[in-house]
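Here the structure comes first, spelled out in structure tokens, and everything after it is commentary.
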Amino acid sequence: MEYKAPLETYTGRVAEVIIGRGEKALKIGGENVLPFHFFEGEIANPPRLALEVLDTVPTNWAEWDLDPYKDVISDPVRWANKALELGADLVCLRLVSTDPAGQNVPGEKAAELVKKVASAIRSPLIVYGSGDENKDIEVLTKVAEVCAGEVLLLGPVVKENYEPISKAALDHGHCIIAQSPLDINLEKELNVKLLKSFPKERIVIDPLSSALGYGMEYSFTIMERTKHIGIMFGDSTMQMPIIADLASECAKTKQAKESEKQGLLWELVTAISLLLAGANIVILRLPQTLKMLKEVIQGTI
Amino acid sequence: MVLIGESIHIISRRVSDAVKDRNASVIQDLARAQARAGADYIDLNLGPAKKDPVGMTEWLVNVVQEVTDLPLSIDTLNPVAMEAGLRLCKKRPLLNSASGRTDSKAEMLPLAKKYNCDVVISVLTDKGCPPDVDSRTESIMETVSYANELGIPNEDIWVDPIILPVSADQKQVREALEFIKILPDLLPGVKSTVGLSNVSNGTPEELRGILNRTYMVMLGRYGLYSAIADTLDKELVKLNRGEMPHIVDLICKAMDGEPINMSSLSKQEQDYVKTTRVLMGETLYSHAWLEG
């Protein structure tokens, strides 16, 4: 008798989020199967890989991490283009200079830079604020306004500041990253609250991504459960693509600081694991990881 | 269902201050209010009672018995405080609680025999709370048979499956429910009780009531005998008295997964259906489970 592999059918589908204006537009998510279950349904879009770019010269990066960007490190526009040359699908610009505990650059200035980068590159742009929940209100609402029409992916939007930031994103046509602190119940709560005034097709979930050996299993479980609940059980409040922002988490491990090779392995293993858990966008630091991940993904899908 | 009023609880700031200052009126007001509201027992939760366990317990039992004839549930892990309380009770008290823990078997269960009282036995063991129905069963069979050997009959035993907060571990809510369902077959004749409000621990204060009430109805459907609960919640007492049968029907329907037309329901009815689905583990819990 011929063997027939058992196949599952699922009731839910992850929303397809489109970021970037016009020809730059990039589709994220949209699958109606669990991660890499391409034999059971449709994976509308492969996972997207981003490289990170800082708005200021990094002070705590390992020497070998700086190497590929040596010539462009003080110019975010050139750095972003370099990241794309190295194979990134898109760029993640971190507004670290806006951190009130650091340079405390005002939102207006940060917004100008975002606009400059966004209009100079051929890919869509992810923008992360400093993570200070108050300062991010000023910074991200200004970015949303100044970059109206660019369809940025803006974050992090958290429980404490989602109202003003999501409103600005809505008014100026951007997408947002809903971030919760490694807790699936809080993740859902934020989604439910956002969905009252914000469309599902413009939200990406960031459950926080810990590095291998530093709590990665928590991130893995939450991403995996998010997909189960959204795709298998059809909970519409959990049907958004997931972003795994793991670059700096991996880079700050003891192992990555010790040697270049360990750092590479750390980022690669963490990224592959979180892709298997269901991440739709991964933010990386190392071009070499990016190259290897591309091969993995293209060989599978 | 027998309701044990939970309000005299040492974790409450008001109660702990009153106990420290020996302020009888605060305690007596709480006792009277619960008695009026319909409590069948008054729980006296003394916590660990490390300082002056005997003096504190005796004072508390006496001031409460001055204003109510209801039987008392003496709620402490300290066997010295427990014995001081049981000794003074005028009505047959409830020892709350013993468990499968080694120290509890050695020090608490013999007190239940000595004072010929009812006793709560929880499924806790030296390893903590058993994670599923099978391990809860294993634990309780062992502890109850130990109690039987001491001469405590099943009829005096109130089994506690240990309720955990839905916001912390949603799966455990269902496990405890299933355990209550099979309990009469496991141990014929035993009674049962739960610390009901624990299901809503960690949930925003204004949303706790509906979780407590819905879970009470669900457990009651499967034969739960009693609950340590917030008897000052009027709707909870009404539900327990059978004065809201349409809500009970709705909760049962939701438990059975019957199709329910939400748009034909009032906000209150919708909330009970949503809450049942969360407690059954059908929808993922979040603090916003009633919204959207």
DSSP beta bridges in the protein assembly as shown: the antiparallel percent, rounded to 5, is 10
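So, counting K/R as plus one and D/E as minus one, what does the shell of residues with Cβ under 12 Å around A:A247 add up to? Write down the numbers at each step before the final one.
Numbers: positive: A:R94, A:K252, A:R285; negative: A:E52, A:D65, A:D245, A:E249, A:E267.
Result for the local shell: -2.
So for chain B: antiparallel DSSP bridges make up what percent, rounded to the nearest 5?
On the way: 1 of 27 bridges.
Beta bridges within chain B, antiparallel portion: roughly 5 percent.
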Point-charge dipole on Cβ atoms (K/R +1, D/E -1) for region B:158-278, about Cα centre, debye to 20:
100
Note to self: C-alpha centroids of region A:1-23 and region B:245-289 sit apart, in Å, by 30
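Of A:K227/B:K274; A:K82/A:K115; A:K115/A:K261, which ones are farther than 25 Å apart at the Cα?
Details: A:K227/B:K274 21 Å; A:K82/A:K115 18 Å; A:K115/A:K261 36 Å.
With Cα atoms farther than 25 Å apart: A:K115/A:K261.
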Using +1 at the Cβ of each Lys and Arg and -1 at the Cβ of each Asp and Glu in the protein assembly as shown, identify which of A:Q255, A:V282, B:P79 lies farthest towards the dipole's positive end.
B:P79
For A:K116 and A:K4, extending 7 Å from Cα along the Cα-Cβ vector and measuring point to point gives, in nm, a value of 6.2
Please report, in whole Å, how far the alpha carbons of region B:109-178 spread along each principal axis, starting with the longest.
39, 20, 18
Under a crude label model (7 Å from the Cα following the beta-carbon direction), how far is B:D249 from A:E160 in nanometres?
4.9
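Filter chain A for me: DSSP H helices, axial length by Cα at least 18 angstrom, mean Kyte-Doolittle hydropathy not below -1.0. List them by residue number. The partial results should precede the final answer.
Details: long enough: A:107-120 (20 Å, -0.04); A:260-277 (26 Å, 0.99); A:287-300 (20 Å, -0.25).
Once both thresholds are applied, what remains is A:107-120, A:260-277, A:287-300.
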Helix B:208-221 sits at what angle to the longest principal axis of chain B, using alpha carbons and giving 0 to 90 degrees rounded to 10?
90
Return the loop-located trypsin sites (Lys or Arg not before Pro) in region A:1-85 (DSSP other than H, G, I, E, B) with at most 15 other Cβ atoms within 10 Å of their own Cβ; answer none if there are none.
A:K4, A:K70
Using alpha carbons only, how many degrees (0 to 90, rounded to 10) separate the axis of helix B:267-279 from the longest principal axis of chain B?
70
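Report the rotationally averaged projected area of chain B based on its alpha-carbon convex hull, in square nanometres.
Numbers: hull surface 58.5 nm².
Hull-based average projected area comes out at 14.6 nm².
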Angle check, please: helix B:79-88 long axis (alpha carbons) against the longest principal axis of chain B (alpha carbons), in degrees 0 to 90, nearest 10.
80
To the nearest 20 Debye, how big is the dipole of the protein assembly as shown about its Cα centre, given +1 on the beta carbon of each Lys and Arg and -1 on that of each Asp and Glu?
480
Could you tell me what fraction of 2.2 N^0.38 Å the Cα radius of gyration of region A:230-301 comes to, as a two-decimal ratio?
1.25
Over region A:16-300, relative contact order from alpha-carbon pairs under 8 Å, at least 6 apart, %
19
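May I have the convex hull volume per residue, in Å³, for the Cα set of the protein assembly as shown? Mind dumping the intermediate values first?
Working: hull volume 121.1 nm³, N = 593.
Cα convex hull per residue, to the nearest whole number: 204 Å³.
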Can you pull out the chymotrypsin sites (Phe, Trp or Tyr not before Pro) in region A:16-68 whose DSSP state is coil and whose Cβ has at most 10 other Cβ atoms within 10 Å?
A:F39
So for chain B, averaging the separation of alpha carbon pairs under 8 Å that are six or more residues apart and normalising by length, what relative contact order in percent results?
15
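Rule-based calculations on the coordinates, nothing more; no lab input. For clarity, every value in this text was computed on a predicted model and none was experimentally measured. Ideal geometry is used to build each Cβ from the backbone, glycine not excepted, and the neighbour counts take in all protein chains shown.
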